[in-house]
Amino acid sequence: LWGSQFWNSTETWFTNDPDFTPCFEQTALVWTPCAFYWLFVAFDFYYLKASLDRNIPWNKLNVSKALVNLGLLVITALDLIMALIKKGGDKELPLYDVDVWGPIIKFATFLLIFLFIPLNRKYGVQTTGCQFLFWFLLVVLSIPRCRTEVRLDTKRQEILSSEESTGEDFSWEEYQFASFFVFFTFSCIMLILNCFADGLPQQTKYQRGENEIPELSASFLSRITYQWFDKMALKGYRNPLEEKDLWDLRPQDSCSEVMPIFAHHWNQKVRKNYKNKARVEPKAQFSNGNVTFENPHGEKTGRKKGMASIMPPIYKSFGGVFLFGSLMKLFTDVLTFAQPQVLSLIIGFVEDREKDPQPQWKGILFSVLLFVLAAAQTFILGQYFHRMFIVGLRIRTALINAIYRKALRISNSTKKESTVGEIVNLMAVDAQRLMELTTYLNMIWSAPLQIGLALFFLWQQLGPSVLAGLAVMIILIPVNGVIASRIKTYQIRQMKYKDERVKLMNEVLSGIKVLKLYAWEPSFEKQV
C-alpha cells in the first residue's frame, strides 16, 4: 500500500527507539477512528430521532465547527489532487493505493460529520458522544505520525543544507509535511470545540425552567466526568440540601414520556391473550400527555385466554437502554481482568532489569497503559450504573402508573379479590424491588464470565491449585440454594403480613372516630 511494510516488530517493539512504519501510520492509525465513527454513527441518528427539542440558533460554536470541518474537507481533497498530480505524473514517485484511498476515506468521514452539524442544530442535539470520541481517537492516534514527520523533516533539512539548492518547486515530502500539520491542527481544534455543548434550542416540547437539570445542556465530556453535578455537590458540602435545591426531573424520565411507550406495548401483549378481538380492541389513547386505557378484559362475555406477562412489554419499552448498559458491563468486566495482565507485565519488566533489562520506554508504556485501563473502567462503570438506575426508575414509574390506573378502573367484584394492602404493596414495594433488581440483573451472565476469566488467569499462575477454590464454589451452590429458598419463603410470608397490616391500618384510619369513642386503641395497636 505504501511501499513499506505494514508492521515491523523490529522497528516497533524490539528496539530502544520505537517507531511505526509509514504504512501503519497512514492506514491503521487514521482508518481506525473513521471505522469507529461509521460503526457507531447509528447512535447519532438515534439521538436525532429521540430528541424532544428543535432549532438551535447559529452561534460561534457551531459556525466554528462548520468552518473548521470545511477546512478539513478542503485539505483532504487537496491531498488527493496533489497525489494524482505529483505522483501520477512522476515515474520516480509511484502512486500507491494509500495515496488514493486514504484521502477518500477521510473525506467521506468528514463529509458525514459536516452534514450532522446542521442536522444537530435542526433537531436540537446539543452534544454527541460519537463525534467527540472520533476526534479524540483521531488526535491521539495522529501523535506518532507527528514525531515521524518532524524527524523526516529534520533529516531533509540537513540534507538540503549540505547540498546546493536546485531551485525546484517544493517536493512531495514537503507538501506532505505541511498538509499533515494543518490537518492535525484542525483536528485538535475540532476536539476542543466538541468539548463544549451547543446553545439552547428555541423550540422545546417541555418548557425549560431556571431549575432544570444541568445534564440536559451538558457536553459529552461533562456527562462522562459528571462535571455538571459539581454545583450540587458543592452546595451540599456547604449547606444541608433541601427539596427546593433539587433540580427538575429530565423530561425523558417523566411519566408523560415513559407511560405512553409502556402502555403501547402492554396493550399489544393484552390483545394476544384475549379472544374476541373484533369486538374488543383494548388500546391506549394519548392526548396532551395524558394516557387513557380501554378495558383489556373486554365485555363480560369475553372469554379469557391467559394472563398477560408484564416482562415482554418491559423488554420492548426499556430494553434498548438496558442492552446498551449490558454492553458497558461487558467492557467493564474485560477491563477489570486486563489490569492484572498489565500489572504482570510491569512486574516482569522490573524483574528483568537484573537479568535481561528491557528498554525503559516499555516500563513507561506499561504504567501509562495501566492508568488508561483503570480510568476507562471507572468512566464506563459510572455510566453503566447511571443508565441502569435510569432504566429501573422508568420501570418503576411505568408500573406504579399502570397499577394505579388499573386500581381506579376495576369493578367492585374484582376489588373483593385484592385488598387495599396488596395494591399499595404492589406500588410501594414490588415496583421498588424491580427497580433495585435492574441494576444487578446483568450479574446473571456477568458473574459466570468473571468466574471463568478469573479461573483461566489463576490457572496460568497457580496451576491445579485453582481447582480447590472451584470445588468450594461448587459445594456452596446447594447451600446458597437452600438459603435462597428459605429467604423466598420468609419474604412471601412477610408480604402477607404487610398486606394484612396495611388493610388494618386503612380500617383504623377510616373508623378512627369509633375507635376513639370506645377506647379500642390498645387492642388495635396489638393487632397492628
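The values are calculated or read from the model by the stated rules, or taken from the named source; none is laboratory data. Everything numeric in this text was worked out from a predicted model, so none of it was measured. A quick note on method: Cβ atoms are made from the backbone with ideal geometry, for glycine too, and the neighbour counts reach across all protein chains shown. Accessible surface is based on the protein model in full, side chains and every heavy atom, while ligands, DNA and RNA are left aside. Shrake-Rupley method; radii C 1.70, N 1.55, O 1.52, S 1.80 Å.
The residue of region 196-208 that is nearest to Val125 (Cα to Cα), among those that are in a loop (DSSP other than H, G, I, E, B) and open to solvent by 40 Å² or more (accessible area, probe 1.4 Å), is Leu200.
Residues of region 218-234 being hydroxyl-bearing (Ser, Thr, Tyr) and either assigned to a loop (DSSP other than H, G, I, E, B) or open to solvent by less than 40 Å² (accessible area, probe 1.4 Å) (or both), which ones? Scanning region 218-234 gives Ser219, Ser222, Tyr226. Within region 416-444, how many residues turn out to be in contact (Cβ under 8 Å) with a residue 60 or more places away in the chain, part of a helix (DSSP H, G or I) and closer than 30 Å to Ser344 by Cβ? Going through region 416-444 one residue at a time, the tally reaches 0.
Those helices (runs of 4 or more DSSP H) of region 1-59 in which 2 or more residues are touching a Leu at 6+ places or on another chain (Cβ under 8 Å) and over 22 Å from Asp97 (Cβ atoms) occupy 28-50. Of the listed requirements (1) open to solvent by less than 60 Å² (accessible area, probe 1.4 Å); (2) not in a loop (DSSP other than H, G, I, E, B), Thr378 misses just one: (1).
Quick one: in region 341-375, which of the residues that are touching a residue at least 40 places away in the same chain (Cβ under 8 Å) and surrounded by fewer than 15 Cβ atoms within 10 Å (Cβ to Cβ) is farthest from Gln461 (Cα to Cα)? Ranking the qualifying residues of region 341-375, first place goes to Trp361.
Of the numbered criteria (1) open to solvent by less than 90 Å² (accessible area, probe 1.4 Å); (2) in contact with a strand residue (DSSP E or B) (Cβ under 8 Å, 6 or more places away or on another chain), the one Asp248 fails is (2). None of Thr27, Thr10, Thr21 is over 18 Å from Phe107 (Cβ atoms) and open to solvent by less than 40 Å² (accessible area, probe 1.4 Å) except Thr21. Only one of the listed residues (Phe114, Phe186, Phe177) is in contact with a Leu (Cβ under 6 Å, 6 or more places away or on another chain), assigned by the TED database to the domain that holds Ile75 and within 23 Å of Ile81 (Cβ to Cβ). That residue is Phe186. Condition first: over 23 Å from Met311 (Cβ atoms) and among the acidic types (Asp, Glu). Can you find one or more residues in region 505-519 that meet it? Yes, region 505-519 contains at least one residue that is over 23 Å from Met311 (Cβ atoms) and among the acidic types (Asp, Glu).
Can you tell me which residue is farthest from the chain's Cα centre (by Cα) among those in region 304-354 that are charged (D, E, K, R) and more than 30 Å from Ser367 (Cβ to Cβ)? Looking at the filtered set, the residue picked out is Lys304.
Inspect region 351-373 for any residue being under 22 Å from Val258 (Cα atoms) and in a helix (DSSP H, G or I) and give the result as yes or no. Within region 351-373 (the criterion being under 22 Å from Val258 (Cα atoms) and in a helix (DSSP H, G or I)), the answer is no, since none of the residues qualifies.
Looking at region 502-512, is at least one residue more than 51 Å from the chain's Cα centre (by Cα) and not assigned by the TED database to the domain that holds Val420? Looking through region 502-512, at least one residue is more than 51 Å from the chain's Cα centre (by Cα) and not assigned by the TED database to the domain that holds Val420. Scanning region 429-447 turns up no residue that is more than 24 Å from Ile395 (Cα to Cα) and open to solvent by 70 Å² or more (accessible area, probe 1.4 Å).
From the list Ile451, Ile410, Ile400, Ile390, the lone residue that is without any contact (Cβ under 8 Å) to a residue 12 or more places away in the chain, of a type in the set (A, V, I, L, M) and either in contact with a Cys (Cβ under 9 Å, 6 or more places away or on another chain) or surrounded by 13 or more Cβ atoms within 10 Å (Cβ to Cβ) (or both) is Ile410. Within region 48-87, being closer than 24 Å to Ile105 by Cβ and open to solvent by 40 Å² or more (accessible area, probe 1.4 Å) holds for Leu67, Leu70, Val74, Leu78, Leu80, Ile81, Leu84, Ile85, Lys86.
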